[in-house]
1. Please report LYS126, LYS98 as a ranked list, fewest other C-beta atoms within 10 angstrom at the top and most at the bottom.
2. May I ask you to sort CYS48, CYS304 by Cβ crowding, counting other Cβ atoms within 10 Å and putting the fewest first?
3. Arrange ARG302, ARG197, ARG54 by Cβ neighbour counts within 10 Å, fewest through most, would you?
4. Local charge sum around TYR159 (other residues, Cβ-Cβ under 14 Å, Lys/Arg +1, Asp/Glu -1)?
5. Step through the residues of the stretch 86-98 one at a time and calculate ³J(HN,Hα) from phi using the Karplus curve (6.51 cos²θ - 1.76 cosθ + 1.60, θ = phi - 60°), rounding each to whole Hz and writing x for Gly and Pro.
6. Which pairs, out of LYS214/LYS277; LYS93/LYS164; LYS98/LYS213, put more than 27 Å between their alpha-carbon atoms?
7. Express in whole angstrom the spacing between the alpha-carbon centres of the stretch 31-47 and the stretch 144-168.
8. First select every other residue whose beta carbon is under 12 angstrom from the beta carbon of PRO38; then total the charges, Lys and Arg +1, Asp and Glu -1.
Amino acid sequence: MKKILLSVSFLFLGTFSLMAQQDAQFTQNMFNKLSVNPGSAGHNGGICGTLFTRQQWTGFEGNPQTHMLSADARISKHGVGLTVFQDQLGIEKSLVAKLAYAYHLTLGPGELGIGIEAGMLSKSFKDNFIAIDDPSLDPSIPNSGTSAATFDFGAGLYYSIANKMYVGISTLHIPQTSVEDVADQGGVGALNFQQSRHYYIMAGYDWDINNDKKWVLKPSILAKTDAASTQLDVNVLMEYNKMLWGGVTYRVEDAIGLLLGVDIGEAINEPSISGLKVGVAYDLTTSALADHSSGSFEIMLRYCTSIYKQPKREVYRSVRFL
């Protein structure tokens with residue numbers, strides 16, 4: 001599996017030119033599978049909730065700011081999930097809300113999740129556009145206060161083996177719908193945003209170095225494309241005692257990300273909040289924007305717990321057998 005991951009990484013590195021996508025990106029993408037693959041809904045076997053906030057390219061006025069909340073749960077062979085995120089870039093604001101469903105079935109040594117998602121995508125524009133010339137003279141700039149929404153749909157497959165290996169493929173924005181609003185009476189300032197179909201491939205492997213779960217190396221990749229441009233993240237995390245982790249992400253032709261995290265429950269030896277994780281990531285920009293940006297900063301809060309608690313073992317001793 002490690003050889004496969006390495007081969008796939010070099011394949012993408014050598015084949016595609018890397019550019020930005022329409023969808024928001026996260027450096028800690030290994031904790032954010034649900035938003036890009038509905039087949040992963042419920043794959044943890046319990047209930048999980050994740051909160052992200054990201055400030056990209058700090059130092060730029062109007063830089064991208066993204067906030068996302070996702071949650072999923074597993075009931076028998078069925079997984080359900082919810083994702084809501086807001087992305088703001090300058091005067092443009094995007095809001096996405098979608099529900100996911102996945103059916104999980106046993107396949108070979110692992111489990112396959114077959115998932116779909118449906119929801120809405122909206123776009124709106126504020127009125128503080130700054131330009132040398134009058135922006136109302138450019139018909140391609142939407143009027144201030146313009147907003148519209150449209151339906152969205154996606155599907156994905158997610159295969160995992162005992163939480164040690166996973167691979168997923170998904171397609172989002174399948175209808176390629178348009179977000180449209182009419183122009184003013186002069187025919188200027190119409191909103192017409194075409195949502196491109198996106199494709200995602202993800203894979204990861206957990207290598208228990210000493211077979212004691214003390215040190216676990218976690219390489220993973222996430223590739224995304226809209227068939228016009230492609231972006232590839234190559235990640236390597238090292239986890240210690242299921243409690244601390246650190247690592248690095250390389251986003252080709254864009255940034256190098258440093259990641260740190262801790263499971264708070266494990267760190268303070270409090271079983272009741274075991275699974276409460278906090279992670280941070282800092283991106284060092286490697287593109288031409290490096291001369292103008294202070295990098296990107298991202299915070300993650302995640303909590304997972306089992307729906308079915310282990311029964312408490314009770315021992316009964318009869319007085320007859322003292």
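FYI, it's all coordinate maths here, none of it is from the lab. Every value quoted in this text rests on a predicted model; they were computed, and no experiment measured them. Using ideal geometry, Cβ is built from the backbone for each residue, glycine included, and neighbour counts are taken over all protein chains shown.
1. Values: LYS126 13, LYS98 22.
Ascending number of Cβ neighbours within 10 Å: LYS126, LYS98.
2. Details: CYS48 23, CYS304 17.
By the 10 Å Cβ count, ascending, the order reads CYS304, CYS48.
3. On the way: ARG302 20, ARG197 14, ARG54 23.
Going from least to most buried by this count: ARG197, ARG302, ARG54.
4. Numbers: positive: LYS33, LYS164; negative: GLU111.
Residues near TYR159 contribute +1 overall.
5. 10, 10, 10, 9, x, 8, 9, 10, 10, 10, 10, 9, 8
6. Numbers: LYS214/LYS277 18 Å; LYS93/LYS164 38 Å; LYS98/LYS213 36 Å.
From the list (LYS214/LYS277; LYS93/LYS164; LYS98/LYS213), the Cα-Cα distance tops 27 Å for LYS93/LYS164; LYS98/LYS213.
7. If we compute the Cα centre of each part, the gap is 9 Å.
8. Working: positive: LYS33, LYS98; negative: ASP72, GLU117, ASP152.
Spelling it out: positives minus negatives among the neighbours equals -1.
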